[in-house]
Ligand code: ACO
């Protein structure tokens with residue numbers, strides 16, 4: 001893989017999120033499952049999650065907010081990329097519904113790279129901008145509650161619904177993306193999977209073990225690709241699967257734990273939506289300033305992993 005030599009880069013100019021109204025606490029789950037708030041909080045960091053809606057509905061809500069924040073009219077968007085592993089329908093792609101409902105006039109496609117989907121989409125969006133698109137809307141949206149077996153305590157405590165979106169606009173020169181890495185270990189796809197029409201099945205301990213390794217290898221490859229070191233990173237925006245996975249990955253990467261952004265306590269694992277939900281939360285809480293170097297890192301079923309190193313611009317081009 002070569003280092004980046006783009007002549008036409010991109011910056012994020014707008015962002016938005018959507019969460020269903022229905023809050024499901026750990027105590028709510030403990031009412032029907034053999035589990036407890038203490039167990040879930042200690043083992044995962046999750047205290048509550050949001051459940052409900054449709055993937056397209058959440059995507060439209062988050063996408064509209066991102067367009068509004070960027071001050072971009074729907075007619076100006078050149079491409080919609082929707083990262084999701086829980087599409088509304090088998091066919092057509094959920095992005096076609098979102099494209100119509102947002103009033104976009106551009107091409108639209110879904111990307112399924114499980115919980116790495118948003119970063120896969122981010123790299124894809126940059127590729128299209130390097131090749132001529134001016135404005136791309138990227139959304140990560142999920143309704144994992146639809147494929148969760150609510151009688152299985154090993155998975156029901158983890159998964160939830162939500163969406164996050166960003167608008168990317170072209171700039172002359174390299175833009176925000178300093179380096180990236182996309183990976184997949186398809187031989188491990190059996191450790192986390194859902195058949196068509198079925199529920200998520202997971203070998204939790206093995207996913208945990210593989211996730212830490214995959215996240216760190218991907219992050220290190222992206223940092224090397226960007227030509228920056230771990231100590232240059234201002235904030236890590238990790239996929240929100242389990243607080244202990246984030247703890248272990250930060251330790252292994254040698255980045256202080258305080259530099260990890262997190263929303264898992266209130267969102268659970270929202271797969272493709274988790275990184276944009278975490279990014280926007282960090283922006284809203286003033287944790288990101290212009291010039292900061294961010295490391296976005298995800299992993300998920302597949303086993304996919306994906307990292308992007310971004311120098312935050314925070315301004316309109
Ligand atoms: N409540 C109470 N006890 C439980 C629960 C529960 N919800 N679930 C499991 N237990 C019990 C087990 O039965 C076991 O009991 P035993 O010791 O008597 O046999 C004990 O708790 C320990 O079980 P483990 O599975 O070893 O627990 P662990 O500490 O590994 O935590 C967990 C389980 C939270 C699932 C963890 O393995 C994990 O987070 N794995 C990664 C999951 C993940 O990241 N998935 C998403 C990937 S991203 C994507 O693509 C969607």
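What follows draws every value from the coordinates through simple rules; no lab data is involved. Note that this is a predicted model, so its numbers are computed, not measured. Every residue, glycine among them, receives a Cβ derived from its backbone with ideal geometry; neighbour counts consider all protein chains shown.
Overview of values
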item	result
Distance in nm between pseudo-label sites at residue 21 and residue 232 (7 Å out along the Cβ direction from Cα)	4.7
At 1.306 mPa s and 10 °C, Stokes diffusion of the range 177-311 via Kirkwood alpha-carbon radius, µm² per second	106
Full-stretch length increase - residue 109, residue 75 - with 0.36 nm per residue and alpha-carbon distance subtracted	10.6 nm
Relative contact order of the range 8-175, pairs being alpha-carbon contacts under 8 Å that are 6 or more residues apart, as %	36
P(r) histogram, all alpha-carbon pairs of the chain included - 10 Å bins from 0, percent	7, 30, 37, 21, 5, 0
Listed residues 238, 20, 92, most fluctuating in the chain (Gaussian network, C-alpha, under 10 Å)	92
Rounded Å value of the spacing that divides the Cα centres of the range 112-134 and the range 228-305	18
For the chain, built as a Gaussian network whose Cα springs stay under 10 Å, the top-fluctuating residue of 32, 304, 13	32
Over the chain, relative contact order from alpha-carbon pairs under 8 Å, at least 6 apart, %	26
Calculated Rg and Dmax of the range 13-118 using C-alpha coordinates, Å	16.9, 51
Segment residue 41-residue 209, extension gain: residue separation times 0.36 nm, minus the distance between their alpha carbons	58.6 nm
Which of 312, 180, 150 has the fewest Cβ neighbours within 10 Å, and the rest in rising order	150, 312, 180
For 234, 151, order by how many other beta-carbon atoms lie within 10 Å, fewest first	151, 234
Among 19, 253, 235: highest mean-square fluctuation, GNM of the chain, C-alpha pairs under 10 Å	253
Which of 223, 29, 168 has the fewest Cβ neighbours within 10 Å, and the rest in rising order	29, 223, 168
